[in-house]
């Protein structure tokens, strides 16, 4: 019988590969919930580990393949990668068990012939264990050892230097530290294995492994939770969260504004607004929801005390929890994203009152989506200027001399966010 964890790992990795699903969504599916605790943890480790280390896995597999690696069909590559990852990183699993499961899955999903190909490679790797040979690993290109696409390695090594780039890449292959919102329901007694964030008010951090399947926890990365607090005191204010889905920031904004304030949360797609409505159903006070395209002229005049533009981006700051992004994204994608980001920033700026604030943010580490967008906006809009956020306490550690905020994944177990707080002059 094939292990339920390995069977589901193969299914989820195939969905991520062929349907461009996101790994964090795939690993929070109903299929995962039906597994017992041990198999859920095993599936999560196999999926994330296979995606994080794909470049090095492919390098070792290509060296043992009788067929040029680029000609091996994607489904077979998935089986080989996940099996090699288990051999390499999960010593508690006997080789014969994972080889058997890989071969059986190949027979059922890919047909006979490919099963013999997979069996031969995995048995050879099991005997030779090339990952234990430093000479073989050190002979791999630097981008392979870092398990990055070559273009991203070259970009980061040019920006940070090879040593820092390698440390940065290595940090992204560590497990993320799950964070959640502390609510009235769990504030009195935090769940076992959790603690309060020392930086972000209202954020809880899971510091020990727990089975949270039955817990009423709303997970949201710690850096993401910090973004609304950059606005400072907003009690009683009018706020527009212009790219609000899935709604985590809007919920925080509504709580900070209180009953005297108003939060409008909008998104381009009605389906996402509907899901947001479900998430915010029990939120008190509740944001007003709206379907609106933030890249088009704002449907409001300059009536808001603050507007947040958490714009669509590459997601390259979230590689710890969405490692598949590094294998999908290509540099040519920056141009179209940047145009969208510029349009959104320009459009929503019209809704900011004189003296009000405009907060731009991304979950990206790359200047095309961050500094370059802000610099372009400020050149065309002299009525706005940058200011350093003073909230939450401790944010200055993450604020550069240019007044922009950057949360580095290599310095803390959170996502890489960028934020710029701008003030509109009266």
Selection count, the range 327-358, where residues are buried (at least 23 other Cβ atoms within 10 Å of the Cβ) and under 20 Å from the mean Cα position of the chain (by Cα): 1
Given the conditions (1) at pLDDT 95 or above; (2) closer than 15 Å to residue 415 by Cα, and given that residue 149 satisfies all but one, which numbered condition is not satisfied? (2)
Which of the residues spanning the range 250-264 are touching a strand residue (DSSP E or B) at 6+ places or on another chain (Cβ under 8 Å) and either surrounded by fewer than 23 Cβ atoms within 10 Å (Cβ to Cβ) or outside any helix (DSSP H, G or I) (or both)? 261, 262, 263, 264
Within the range 265-291, tally of residues that are out of contact with any helix residue (DSSP H, G or I) (no Cβ under 9 Å at 6 or more places or on another chain) and under 27 Å from residue 354 (Cβ atoms): 1
Among 174, 129, 159, the single one that is on the phi > 0 side of the Ramachandran plot and either surrounded by fewer than 16 Cβ atoms within 10 Å (Cβ to Cβ) or within 31 Å of the chain's Cα centre (by Cα) (or both) is 129
Those residues of the range 91-132 which are part of a loop (DSSP other than H, G, I, E, B) and farther than 24 Å from residue 15 by Cα, in sequence order: 91, 92, 93, 94, 129
Tell me, which strands (runs of 3 or more DSSP E) wholly within the range 298-408 include 3 or more residues that are closer than 24 Å to residue 263 by Cβ and in contact with a strand residue (DSSP E or B) (Cβ under 6 Å, 6 or more places away or on another chain)? 304-310, 352-362
Can you give me the ranges of the helices (runs of 4 or more DSSP H) entirely in the range 1-56 with at least 3 residues that are touching a helix residue (DSSP H, G or I) at 6+ places or on another chain (Cβ under 8 Å), assigned by TED's automatic domain parsing to the domain that holds residue 324 and under 24 Å from residue 146 (Cβ atoms)? none
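The values are calculated or read from the model by the stated rules, or taken from the named source; none is laboratory data. Every value quoted in this text rests on a predicted model; they were computed, and no experiment measured them. Counting neighbours? That spans all protein chains shown, and the Cβs are built from the backbone with ideal geometry, glycine included.
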